[in-house]
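Derivation of every value follows stated rules applied to the coordinates shown; laboratory data play no part. Since the model is a prediction, treat every value here as computed from it, not as a measurement. Positions of Cβ are backbone-derived with ideal geometry, glycine not excepted, and every protein chain shown enters the neighbour counts.
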2 protein chains.
Amino acid sequence: MNERGFIKQGSIAVREGKIAYVGKGTAAADIRVEAKMEAEGKVAMPGLINCHTHVPMTLLRGVAEDQTLDTWLKKTIWPLEAKLKPEDVYVGALLGCLEMIKSGTTCFADMYFHEDMVARAVEKSGLRGALAEGIIEAGNKVLGERMLSESVNFVRDFNEYADGKVTALFGPHAVYSCSPELLTKVRVKASELKVGVHIHLAESKKMVEQIEREHGSSEVEILDEIDFLKPDVVAAHCIRLSREDMQTLSKRHVNVAYNPVANMKLGSGAPRIKSLADYGVNICLGTDGPASNNTLDMFETMKFAALLQKFTYSDPKILPAQEALKMATINGAKALGLDKKVGSLEVGKKADIVLVDFSKPHLTPLHDVYASIVYSAHGSDVDTVIVDGRILMENRQVKTLDEQAVMEKAEETALNLLSR
Amino acid sequence: MNERGFIKQGSIAVREGKIAYVGKGTAAADIRVEAKMEAEGKVAMPGLINCHTHVPMTLLRGVAEDQTLDTWLKKTIWPLEAKLKPEDVYVGALLGCLEMIKSGTTCFADMYFHEDMVARAVEKSGLRGALAEGIIEAGNKVLGERMLSESVNFVRDFNEYADGKVTALFGPHAVYSCSPELLTKVRVKASELKVGVHIHLAESKKMVEQIEREHGSSEVEILDEIDFLKPDVVAAHCIRLSREDMQTLSKRHVNVAYNPVANMKLGSGAPRIKSLADYGVNICLGTDGPASNNTLDMFETMKFAALLQKFTYSDPKILPAQEALKMATINGAKALGLDKKVGSLEVGKKADIVLVDFSKPHLTPLHDVYASIVYSAHGSDVDTVIVDGRILMENRQVKTLDEQAVMEKAEETALNLLSR
């Protein structure tokens, strides 16, 4: 994911959780080492970074399908979420972490309730997480204030948690669910505590139109008026933007998390990624919550990401494979303020490495490694996952979690939740 | 895939290649049997039916990516195809068959050159195939006649080949590449020999416009004028149709093969599946060739199929999961004239059965089996594949092909082809 590109028959050395060598030939293998891992027939790549999800929603995967966003939220999701206990969130997050490890994601940006439980699941799994406690005011100022103060506590308690593998962000839900006053306070706190902000932006047509009717300005304009937009903001979706909105996002160095699968599944439309990229906006990728996707597989998301843009612009040259892979790795790291640490295989960076097994019929023959990864590979082709130099999965066996126990507990918890 | 729907904790018995029992409980297990297969935690479903592909193109997977259809065909694909030898086609088809078995496809409709070699690969693999030798006239009447007579030979030699697992079709490439005169002859021959016809229809904007300029009629109108359109026709793509064209396809009971992944990847646009279905047209699914997809994974195609329609109509209710699964099974069987034989798990039908292993994080919890299959499962979740009562794969081990040998030979052949 840097200028050097793809290295054939290379080797990598890891020392104290960081990449100590990466290059052609067996140079790394000549270093005196404690442990060696052969990777013939495999491709080593940076761990994938999922920049927008709500992992505990694994529990709700499939509970209400093929419905409008409105019906889905009001009739099923919100009533169920109201019954969610912190332990449920832990169980759902653990299932999500397991699924992410098994599909090659090493870092994810999450926004949900009881996010402290997600942090604990991240710690247990060994993954890296940029976590935000969700803030929804929904017209209730007292509620908004309480959620903000809980978020401040979350940031204080969990930023740099789990040996620095957890970073905390603020997670104001959206412009339509948080007032400009509350968003201003969030911005001030985020800058003061030096953490980022994760927000939904310009997703649903209905909400965007409602905001414009009420305020006479777009969501982006409202945020810019209160000085909210800065390089530490990850804005998910960004489907309904004017040219002026795009220019503003570019000028403020806001990061856009593109969620092609959920956008298509909910019939929300597609962001104009080429235009945003032409304005110089950093684009990263997200799966969105597993209840509206219904997986956390970033390989699948890369393919959807590239294909939806080719479709939108009626041009197969748009968003080539290598660009999609950048969005899922180095661009994601940049969006989360982690690009000095992760997002590419470079000396000095954390060893967040994934090995993909290419000895598969659908990955044969190998003419173009980028096209194979983006258009042919699936999460299930990931053989080995390393985060911070620690092996989380090898030969598809997860080492940090008891797979069977995590799945059984999740099944039981989901059924219990539905029966409450 | 019939009115009975999903059976929890059921059992299936197979006798002489056919389903002898399917129902609740262990009734089938009480039948005196030669061999039993436990399937706890697995879902048995009809094998998937891929209604439009060019399998030998596995060899060209990834050779020329992110290009316009025109450049892709003229600069890379056609020059390489001109160098293809029959043995190459066999090697590519074998790799495709291996990939299909590993991802739960039990039957496919193919159109390519040297299709006799595809028939031999189908026989070797144990799959079911509806195969067509491609006919491209391209302004050369002598060539057209020769290809037609080769096709007649192919149909005579290979219809009902491999214990009836191969059925032969005619494969006139498209209206823009075959004259009405030749298409008329194909139609007469197909009716005489009682086999179906597989054709590309209304795919690329450029070709559709060119035809309309030259003939003053649409592709559908041209075909209807020569009485080409009948219930034995599988028309791939059908993106650019007028309301009248749709009505004609409905009136003539033509089957439409929808190829969402290739349509998106090539930026061709999307067929209006809801409108076609509202007119009563039978819709089935295809992957298209692996060089423009880049897999043969019908699970992936089902997800793309549903999501692209939700996106196209801006409505998440469109094309629900169960409907996508019908398209990939019983509708596909109907399109190929095989619905009396396969496409659903019913007593008397051929035992073309796939077991999907649901003990996976991304398939947990199980709230909705149709949503899980279409939105969460991948080809790699298929554990066992049975065709005609014969086990082609069990515990992901393919029994009819040497996986390693097939992949190595394909890699070698592809490199050799590129160096010619």
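B:PHE6: net charge of surrounding residues, Cβ under 12 Å, Lys/Arg +1, Asp/Glu -1, itself excluded?
+1
Out of the trypsin sites (Lys or Arg not before Pro) in the range A:354-407, which ones are loop residues according to DSSP with at most 16 other C-beta atoms within 10 Å?
Qualifying residues, ordered by number: A:ARG396, A:LYS399.
Could you tell me the center-to-center distance, by alpha carbons, between the range B:356-389 and the range A:318-339 in angstrom?
Taking the Cα centre of each part, the range B:356-389 and the range A:318-339 sit 30 Å apart.
What are the lysines whose alpha-carbon lies under 29 Å from the alpha-carbon of B:LYS85, with same-chain residues fewer than 8 places away excluded?
B:LYS85 reaches A:LYS360, B:LYS74, B:LYS75, B:LYS102, B:LYS124, B:LYS141, B:LYS165, B:LYS185, B:LYS189, B:LYS265, B:LYS399, B:LYS409.
Given a 10 angstrom Cα cut-off, can you work out which residue in B:GLY134, B:GLY41, B:GLY126 is the most mobile in a GNM of chain B?
Highest fluctuation of the listed residues: B:GLY41.
Could you tally the net charge around A:GLY126, taking each other residue with its Cβ under 15 Å from the Cβ of A:GLY126, Lys/Arg +1 and Asp/Glu -1?
My count for the surroundings of A:GLY126 gives 0.
Who wins for biggest fluctuation among A:ALA82, A:ALA236, A:ALA324 in a Gaussian network model of chain A, springs between alpha carbons below 10 Å?
Per the Cα network of chain A with a 10 Å cutoff, A:ALA82 tops the list.
I need to check one value: relative contact order of chain A, counting alpha carbon pairs closer than 8 Å and at least 6 residues apart, in percent.
22
Per residue of B:370-380, what is the mean number of Cβ atoms on other protein chains within 10 angstrom of that residue's Cβ?
5
Name the chymotrypsin sites (Phe, Trp or Tyr not before Pro) in the range A:154-192 that are in a loop by DSSP and that have at most 14 other C-beta atoms within 10 Å, would you?
Hits after loop and neighbour filter: nothing returned.
Can you list residues whose amide H is under 5 Å from B:VAL197's amide H, if they're 5+ apart or on another chain and H is modeled 1.01 Å from N?
For B:VAL197, the qualifying residues are B:PHE170, B:VAL233, B:VAL234.
Which one, B:LYS205, B:LYS350, B:LYS230, has the greatest fluctuation when you compute a Gaussian network model over chain B with C-alpha springs under 10 angstrom?
Looking only at B:LYS205, B:LYS350, B:LYS230, the biggest GNM fluctuation is shown by B:LYS205.
Divide by every residue of the protein assembly as shown the summed helix terms, -39500 (n - 2.57) for each DSSP H run of at least 4, and state the resulting mean residue ellipticity at 222 nm, rounded to the nearest 500 deg cm²/dmol.
It lands at -11000 deg cm²/dmol.
Whats the longest run of chain B with zero GluC sites (Glu not before Pro) that are DSSP loop and have at most 16 other Cβ atoms within 10 Å?
B:161-345
Within 10 Å of each candidate Cβ there may be at most 13 other Cβ atoms; applying that plus a DSSP loop requirement, which chymotrypsin sites (Phe, Trp or Tyr not before Pro) in the range A:1-86 survive?
Sites meeting the loop and neighbour criteria: A:PHE6.
Under 1.5 on a/c is rounded, so check that first for the protein assembly as shown, then, if it is not, pick prolate when a/b is larger than b/c and oblate when it is not; a ≥ b ≥ c are the square roots of the alpha carbon gyration tensor eigenvalues.
prolate
For the pair B:GLU34 and A:SER191, what calculated FRET efficiency results from E = 1/(1 + (r/R0)^6), where r is the Cβ-Cβ distance and R0 = 60 Å, to the nearest 0.05?
Calculated value: 0.25.
Once you order the gyration tensor axes a ≥ b ≥ c over the Cα atoms, which shape class does the range A:211-279 get: rounded for a/c under 1.5, otherwise prolate or oblate by comparing a/b with b/c?
Here the range A:211-279 falls in the oblate category.
For chain B, which cysteines have no second Cys with its Cβ under 4.7 Å from theirs?
B:CYS97, B:CYS107, B:CYS178, B:CYS238
So, in Å, what gap is there between the alpha-carbon centers of the range B:26-102 and the range A:77-101?
A separation of 37 Å, based on Cα centres.
Give the angle, between 0 and 90 degrees and rounded to the nearest 10, that separates the Cα long axis of helix A:205-215 from the longest principal axis of the Cα atoms of chain A.
50
Along Cα→Cβ at 7 Å, what distances in nm separate the B:ASP227 label point from those on the other copies, shortest first?
Inter-copy label distances (nm, one decimal, shortest first): 8.1.
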